[in-house]
Amino acid sequence: MARQISRITSILIQEHFGIPAQQIVDCILKRGMSTLQEIITDTVLQISVVKRVLCILIRHEMVTYNDESKFSLFTANLHKIYLIARYPRFLALLRAEFDETAGLIISELLIHGYCSIEELVEYITAKQDTKTEELENELKKLQTMFVTMVDHRYVIKVKQQSELIEELEAEVGEDRENKSVTGGIKRSVITAEVAESKRQKLEEVKAKYVDEKKAGLWCVNFEHFHEKMRDKIISQYIATIHTSQLSSIINTIHAILELDPDTSIRQIQSKEVYVPQIQPQVDIPREELMHCLELVSRDMNGLLVRVAEGGGGAYALDYTACYKLLLNNTIESIIEERYGCKALRIIKNLQRKKYLELTQLSECTLIPPQDLNDIISRLYRESMVSLQEVPRLDEYVPGKTFYLYSFDTDTVRRILLDRAYQILGNMVMKRRSVFEESERVLQKEARVSELLAEAGGTATAEQLDEIEQLLTPGEKLEARNSRMMLERLEMSEIFIDESIFILSHFHTFS
C-alpha cells in the first residue's frame, strides 16, 4: 500500500505544485527523512528553490520537520498530500451548503495553507473585478461569511506558526507562486491603476472593521470536512435501507451535532440528541417521529442507539456500526462487480460461518462443485479469501487434512485500498495525458467562445457565423470528445475517492 500511496501523492504534488516540489517530495520519501543538504544534493536544485518549495509545503503541513538533532530532518506527510485529490469535493460540498463566497475563502486557504484575515481579504479582492465603490459591501460580506465558517468549524486558528518557515521566508523573500486550486477560482487580470485604487480603498475599509477576535492565522479544518463527508455517506446509506423520512431525521441529528465543538471524526459514538431538539427542525408529527426513532433503535444493525429516557428520549449515532455496514457494503459491491454474484454468495457465507470446506460451501451457496472450485481458486489467487490447513493426524497427509476457507475483512480492505490508490493514480495520469493531447483545441475553443461572448448582440449573424467557422468541424468534435472524457475521468476520480474514504477510515474503529 505504501508504494501506491507514494505514487499517487507524487503525481498530485506535481499537478498542484510543479516538478521541483515533486522532486523534493520523492527525495524525502526515498530516504524516509532528509536534511536540507541531502535534498539539495539529490535533486540538484538551487538552494533558493528548495527553501521556497519547502516553505510552501510546510505551510500546507505536507512536509513536517523536527529539529531535535543537529540538522532539521524533513518528513513527507502522505495523507495530507493525498487530500489534494479531495479539494474539488470540499469546495463542492461548501458551495452546496453556503454560497460562492464560502468557496472563495476556502479556495484561498487551500492555495496558501494558512493566512490572516487581512491577507485573505486582499487575495480575494485582487482576483475579483469588484468596483471600488462596491468594495465596502464586498468586505462586509466576506467578513460575515468568514465568521459563519469559523462558527461551523470549517476554518480554525493555527496554533503556532513554524519558526523554520519564518527563517526560510526571511532567506528566500516573499516571492511565492500563487496557483489556482482545482475546482477553485482563477485569477482575473486587472490593470495597475485599478489595483492601486482598490488597494487604497481596501486599507480605508479595513481600518473600519478591525476585530481582535479575527486576529492570528487561519487554516482549513480538514477533519470537519471529513465529518461532513461521513455524515453525508451515512445519510445516503440509511435512505437506501430505510425511508427517506428517516434520512431527513438523521440529517437533522447531524446538523445539531455539527455545532458541537467537541465532535471528531474519531468518535466511536456521537453525543446524545434529545427528541425535543429534533422535533422543531423536522416536519413530522411527534408520534410518527418517536415511532421512526424507536424502529431504527431496535434494528439489529445498531445504527441508532437510545441512550436516555428522560425528556422524551435521547439517541446517539453508533459510528462503529455505521462504518462496518458501509465497509461491508463497499467490499460486497466491489466483489460483485469484479467477480460476479456467485463470488458474492461465497463471501457472504464465509462471513456468516467463518470457516467452511468446499463441500460445505457448495451446499450453502448452491453452486456446483466444479464452478465453485474455479471461483474460489480465483478468489484465493487474488487474496480475497484465506486457506487454512488443519491436519487430522500428526503427520501431514493431503487426504487426511481439512482445507478451511475464510474471509478476513481487514485484509481485503487493505488489498482493495491499495488497488484503489493505484486506479486513482492511473486515472489522474490518463486525465493529464488527455488534456495535454487536446490542450491546443480546447484553448482554441475557449478563445472562440470568448470572441462570441464579446461580440454579443452587436455583431450580425454573418459575423457570428464567421467567428464560429474559426473552429473546424473536426476540431469541434475533438474538443467535445475531450471534454466528455475529462468529465468522465473527474467523476470516476470522485467515485474512487469515496471508496478510498470508507476503506481508509475503517481502521479508526477497529
Tabulate in residue order the Karplus-calculated ³J(HN,Hα) for the stretch 362-370, using 6.51 cos²θ - 1.76 cosθ + 1.60 with θ = phi - 60°, rounded to whole Hz; enter x for Gly and Pro. 4, 5, 6, 8, 6, 10, x, x, 5
Going by amide H atoms built from the backbone, whose H comes under 5 Å of the H on Val307, apart from near neighbours? Ala314, Tyr315, Ala316
With the charge dipole of the stretch 413-509 built from beta-carbon charges (+1 for Lys and Arg, -1 for Asp and Glu) about the Cα centre, the Cα from Leu416, Met485, Gly474 projecting farthest to the positive end belongs to Leu416
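Rank the residues Val53, Val44, Val155 as a footprinting-exposure proxy: fewest other Cβ atoms within 10 Å of their Cβ go first. Please report the intermediate quantities before stating the final value.
Working: Val53 26, Val44 7, Val155 23.
Ordered by Cβ neighbours within 10 Å, fewest first: Val44, Val155, Val53.
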Using θ = phi - 60° and the Karplus relation 6.51 cos²θ - 1.76 cosθ + 1.60, list the HN-Hα couplings for the stretch 245-258 in order, rounded to whole Hz, with x at every Gly or Pro. 4, 5, 4, 5, 5, 5, 4, 5, 4, 4, 5, 5, 6, 4
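If packing is taken as the average count of other Cβ atoms within 10 Å, what order do 239-246, 252-259, 418-425 fall into, highest mean first? Don't skip to the answer; put the middle values down first.
Working: 239-246: 14.4, 252-259: 16.8, 418-425: 20.2.
So the peptides 239-246, 252-259, 418-425, ranked by packing, come out 418-425, 252-259, 239-246.
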Between rounded, prolate and oblate, where does the stretch 413-509 land on the alpha carbon gyration tensor, with a ≥ b ≥ c its root eigenvalues, rounded for a/c under 1.5, else prolate if a/b exceeds b/c? prolate
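Between Gln351 and Asp262, take the C-beta separation as r, use R0 = 25 Å, and let me know the FRET efficiency to the nearest 0.05.
0.10
Which GluC sites (Glu not before Pro) in the stretch 1-93 pass both tests, a DSSP loop state and at most 15 other beta-carbon atoms within 10 Å?
Numbers: sites: Glu15, Glu38, Glu61, Glu68; in loops: Glu61, Glu68.
Filter output for the stretch 1-93: Glu68.
Arrange Phe435, Phe222 by Cβ neighbour counts within 10 Å, fewest through most, would you?
The fewest-first ordering by Cβ neighbours comes to Phe435, Phe222.
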What shape does the stretch 322-407 have by the C-alpha gyration tensor, where a ≥ b ≥ c are the square roots of the eigenvalues, rounded means a/c under 1.5, and otherwise prolate means a/b greater than b/c and oblate the rest? prolate
Out of residues 5 or more away from Thr75 or on other chains, whose amide H comes under 5 Å of its own, with H placed 1.01 Å from N in the peptide plane? Thr64, Tyr65
Long-range amide H contacts for Trp218: which residues qualify at under 5 Å (H placed 1.01 Å from N, peptide plane, sequence gap of 5 or more or a different chain)? Cys115, Ser116, Val158
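Given axes a ≥ b ≥ c from the Cα gyration tensor, I'd like to know whether the stretch 32-82 is rounded (a/c under 1.5), prolate (a/b larger than b/c) or oblate.
oblate
Run the numbers on the stretch 207-356 and let me know its relative contact order in percent, using alpha-carbon pairs under 8 Å that are six or more apart.
Working: 117 pairs, mean separation 26.2, N = 150.
Computed value for the stretch 207-356: 17 percent relative contact order.
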Can you give me the C-alpha center-to-center distance between the stretch 484-504 and the stretch 245-302, rounded to a whole angstrom? 29 Å
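Starting from the Cα-Cα distance between Glu437 and Lys141, subtract it from 0.36 nm times their residue separation and give me the gain in nm to one decimal.
Numbers: separation 296, 0.36 × 296 = 106.56 nm, distance 4.15 nm.
Full extension from Glu437 to Lys141 adds 102.4 nm.
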Roughly what would the spin-label model give for Gln236 and Glu294, points 7 Å off Cα along C-beta, in nm? 3.3 nm
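Are there trypsin sites (Lys or Arg not before Pro) in the stretch 68-104 that DSSP marks as loop and that have at most 15 other Cβ atoms within 10 Å, and which are they? Walk me through the numbers before you get to the answer.
Working: sites: Lys70, Lys80, Arg86, Arg89, Arg95; in loops: Lys70.
Loop-located and lightly packed - Lys70.
Based on Cβ point charges of +1 for Lys and Arg and -1 for Asp and Glu, what charge dipole magnitude is obtained for the stretch 413-509 about its Cα centre, in debye rounded to the nearest 20?
On the way: 13 positive and 18 negative charges, 158 e Å.
That gives the stretch 413-509 a dipole magnitude of about 760 debye.
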Can you put Ser433, Ser235 in order of Cβ neighbours within 10 angstrom, beginning with the fewest? Ser433, Ser235
3J(HN,Hα) from dihedral phi, the stretch 219-227, Karplus parametrisation 6.51/-1.76/1.60, rounded to Hz, x for glycine, proline: 9, 6, 8, 5, 4, 5, 4, 5, 4
When the dipole is taken about the Cα centre of the stretch 1-126, and only Lys, Arg (+1) and Asp, Glu (-1) are charged at their Cβ, what size is it in debye, to the nearest 20? 620 debye
Determine the alpha carbon to alpha carbon distance for each of Lys80/Lys430; Lys271/Lys324; Lys228/Lys430 and list only those over 28 Å. Lys228/Lys430
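Over every pair of different alpha-carbon atoms in the stretch 339-457, take the mean of 1/r and invert it; report that Kirkwood radius in Å. Could the numbers behind the result be given before it?
Working: mean 1/r = 0.0539 Å⁻¹.
Kirkwood hydrodynamic radius for the stretch 339-457: 18.6 Å.
Values in this text are rule-based calculations from the coordinates and carry no lab data. This is a predicted model, so every value here is computed, not measured. We place every Cβ from the backbone using ideal geometry, glycine too, and count neighbours over all the protein chains shown.
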